Ligand code: SF4
C-alpha cells in the first residue's frame, strides 16, 4: 500500500474537548469561542457517535485544534439558518447526511417516503431534495466569500457526470451545480485534515489541486500530469504507462448524449479505483474540467482506532430532548469493526465510496468501545446489537501479497470466484467474538450486519461460532437471486454457495441445539433479469417454503455499475464498444418492474392476475393451478396448499447501522 502521512501527525486536541460540538452561539460562548473555524452543515440530526459522518469529521477536526460548529437540518428556504453560528473562519463543510437525499426521500418506485430515520421523531421532509446543492447555495448566500467544501455520500457518488434515476437523465458533476470549491470523496479523513491545515495556513482552497480523494472544477488539468485521452471507446486503449498520468474521460456532454459512452466511462472509473494504482481522472463540462485526484489512501488500524476513540458524547445533541431518532435507536448498542468491501456487488456503492481494501480496527479498540457502550449508553441491558461493518465477516481479510494488491485492477476479490490471493482466515474474527462476549456485563453479542456466505463456508469453525453464539433466531444473508444471468450482472456467487452455507448453518444450529433460520434477500428487476429468471426464483422460493413480506426492487443509485447497465443497456463489467459489446436487459417500465416484484410475492392474491397473464404469455400456463408445484392458483381459486412449512422473510436491505459518511 502506498504511504501517507499519519492522520494525527499535526493533531493538537483541546483539553477538555467540547461536550458536544456547538449548535448555537450560546454553546460557543460557553466554550469561550468568538468564531468557528469550520461550520459543518448536515441533512441529518447531529448525533455525536462514530456511526455518523459529521460527528467523525467534526471530532477529527477538533482533535486537530480547529473550532467546529454544526448546523443540522437547517431551514433551507433562505440563508438565515446558515448564519446562526456566525461566519466560519476557514470554510463551510457541507453534506446531505449519511444517505443520498434522493435515496432517503423516494422509494425505488419514485414514491415519496414520509419518514426519515435520521430526523427526530422519524419525520420526513426535514431536508431538501439534492440537499448538498441546496445547502451549498444557501451557505454561499449567507457568506459569499466563505469557501464551500462538499463531502458525504451524495457528493462522493455524484462527483462526475452521473445518471440520476429520479430525473431520468445524466446530470453534471455535483461540483458544477453546487459551485463548491472542493469535493472530498470516499472516506475523507486524510483529505479533510489536509484541506483544513492548508486553509488555516492561508492557502486558498481552489488552489489545492493535489490532494488525494478530492475533486475540483479547474480550467485545465495540473501541468505536472500527462493526460491520456480515453474518450474514444471504439479505438485502441490509450498509453497509460508511466507516473503522473491522468485519464481523460468522455465529457459530460458526450456521456449525456450517448449511453454507451456512459457505460464505457463507468467502466474506466471503476478500473481506476484501487488507491494503490488509480490514476487521476478528468472530465470536461463545457469549457471547464472536473479534476479528480486518485482515491484516498486507506487508514491504518492505528489510525482507524484513533478515529473511533475520539471523544464522542455517544448521544444525540441535547437540544433534541427526548425525541426518538430511529437511526440512533438502531445503532446505539452496535460497534463497527471495519470499513471497506472487496465484494464489488454491481448494485451497491460501498466499494465505490469506502474502497476495496478492508480497514480493520484492532481487537483492543473494539473491546474498549464495547466497554464504553456498556458504561455510557443509556438503556444498555447487556446485548451488543451488532458487531460488524459493511460486511460482517471481512474483518482482517486482505490480499496475501501487497505487491500483487498494488497492481490489481479486478473489480472484486470474490467474483467470479474467490481470488487465490485473498486471505480468508476467519481466525482473528472468531478470537474477537470470543473476547467480546467475555466482557463483564455483556450478555450477548449479535451479528446483524450482512454476511458474505461464500467466504464464510471457507471457515466451518466460523459458521459454528457464529451460530452457537451470535445469531438471534434469524440470520440475514443476501443471495440476491437464484439464476445465473442476473447473478453474473450483480457480481454475486451462484446459489450453490448459498446452499452450501445453509447446510453448514443448519448443522451448526442442530449441534448447538437451536432452532434458527436463514433469511435470504432477493432483488427484483435488477438489470440482466428476465421474466423467466424471476419465475424460476419464485419457484425456488415456493419449493423452499419462503414467503416474502417485503421485497426490494432494484434502485439505480448514482455511480454504481448496475446503474450504468440500467441506463445504457450495456455491460460495463466488460469492455464497451458501440458495436459488439454485451447488451443487458434493463427493467425500466413500471409494468415489468411490478411483475418482477410480483414474482417475489407469488403468494399474495393481489399479484395473481398479473402473474397468471405473465405465465400464459411465457408459455408456462402449466404453473397455474392448485398443485404444490404450481405457482399461482387458477381462476379465482383459493391459494394453493403450502408446499411445506413456510416462513415470512424480507428482501429489503435494511442496514444494521447507518453507513458512514453517506
Ligand atoms: S489479487 Fe485477488 S485478492 Fe489481491 S486485490 Fe486482486 S482480486 Fe483481491
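The values are calculated or read from the model by the stated rules, or taken from the named source; none is laboratory data. Small disclaimer: the values here were computed from a predicted structure and weren't measured. Neighbour counts are summed over all protein chains in view; Cβ atoms, including those assigned to glycine, are modelled from backbone coordinates with ideal geometry.
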Could you check the range 129-197 for strands (runs of 3 or more DSSP E) lying wholly inside it with 2 or more residues that are in contact with a helix residue (DSSP H, G or I) (Cβ under 8 Å, 6 or more places away or on another chain) and over 30 Å from residue 63 (Cβ atoms)?
162-164, 169-171
Determine the pairs where a residue that is touching a residue at least 12 places away in the same chain (Cβ under 8 Å), located within the range 398-425, has a partner that is near the ligand (Cβ under 7 Å from one of its atoms) and assigned to a helix (DSSP H, G or I) with Cβ atoms under 8 Å apart, the partner being 6 or more residues away or on another chain.
398/405; 399/405; 421/404; 421/405
Of the listed residues (342, 347), the one being within 15 Å of the ligand (Cβ to nearest atom) and touching a strand residue (DSSP E or B) at 6+ places or on another chain (Cβ under 8 Å) is 342
Could you say which residue among 564, 538 is over 24 Å from the mean Cα position of the chain (by Cα) and crowded, with 22+ Cβ neighbours inside 10 Å?
538
Can you find even one residue in the range 215-231 that is crowded, with 20+ Cβ neighbours inside 10 Å, within 24 Å of the chain's Cα centre (by Cα) and either away from the ligand (no atom under 16 Å from the Cβ) or in a loop (DSSP other than H, G, I, E, B) (or both)?
yes
Determine, yes or no, whether residue 75 is surrounded by fewer than 16 Cβ atoms within 10 Å (Cβ to Cβ), touching a helix residue (DSSP H, G or I) at 6+ places or on another chain (Cβ under 6 Å) and without any contact (Cβ under 8 Å) to a residue 12 or more places away in the chain.
yes
Can you report the number of residues in the range 523-535 which are out of contact with any strand residue (DSSP E or B) (no Cβ under 6 Å at 6 or more places or on another chain) and surrounded by 24 or more Cβ atoms within 10 Å (Cβ to Cβ)?
5
From the list 411, 376, pick out the single residue that is farther than 26 Å from residue 463 by Cα, outside the structural domain of residue 277 (by TED's automatic domain parsing) and under 22 Å from the mean Cα position of the chain (by Cα).
411
Just name the residue that is surrounded by the most Cβ atoms within 10 Å (Cβ to Cβ) out of those in the range 296-318 that are under 21 Å from residue 74 (Cβ atoms) and out of contact with any helix residue (DSSP H, G or I) (no Cβ under 9 Å at 6 or more places or on another chain).
317
Kindly check whether there is at least one residue in the range 441-448 that is more than 12 Å from the ligand (Cβ to nearest atom), touching a helix residue (DSSP H, G or I) at 6+ places or on another chain (Cβ under 8 Å) and farther than 29 Å from residue 548 by Cα.
yes
For the range 391-418, which positions are buried (at least 24 other Cβ atoms within 10 Å of the Cβ) and either away from the ligand (no atom under 16 Å from the Cβ) or in a strand (DSSP E or B) (or both)?
392
For the range 544-568, give me each residue that is more than 27 Å from residue 412 (Cβ to Cβ) and modelled with pLDDT of 95 or more.
none
If you check residue 515 against the conditions, is it surrounded by fewer than 16 Cβ atoms within 10 Å (Cβ to Cβ), more than 16 Å from the ligand (Cβ to nearest atom) and modelled with pLDDT of 95 or more?
no
If we keep just the residues of the range 423-440 that are surrounded by fewer than 18 Cβ atoms within 10 Å (Cβ to Cβ) and not in a helix (DSSP H, G or I), which is farthest from the ligand (Cβ to nearest atom)?
440
Condition broken by residue 414, with the remaining ones in (1) more than 24 Å from residue 529 (Cβ to Cβ); (2) modelled with pLDDT of 95 or more; (3) in contact with a strand residue (DSSP E or B) (Cβ under 9 Å, 6 or more places away or on another chain) satisfied
(1)
Would you check if residue 369 is under 30 Å from residue 485 (Cα atoms), away from the ligand (no atom under 14 Å from the Cβ), in contact (Cβ under 8 Å) with a residue 12 or more places away in the chain and buried (at least 22 other Cβ atoms within 10 Å of the Cβ)?
no
Quick check on the range 340-355: of everything there that is within 15 Å of residue 422 (Cβ to Cβ) and modelled with pLDDT of 90 or more, which residue is surrounded by the fewest Cβ atoms within 10 Å (Cβ to Cβ)?
344
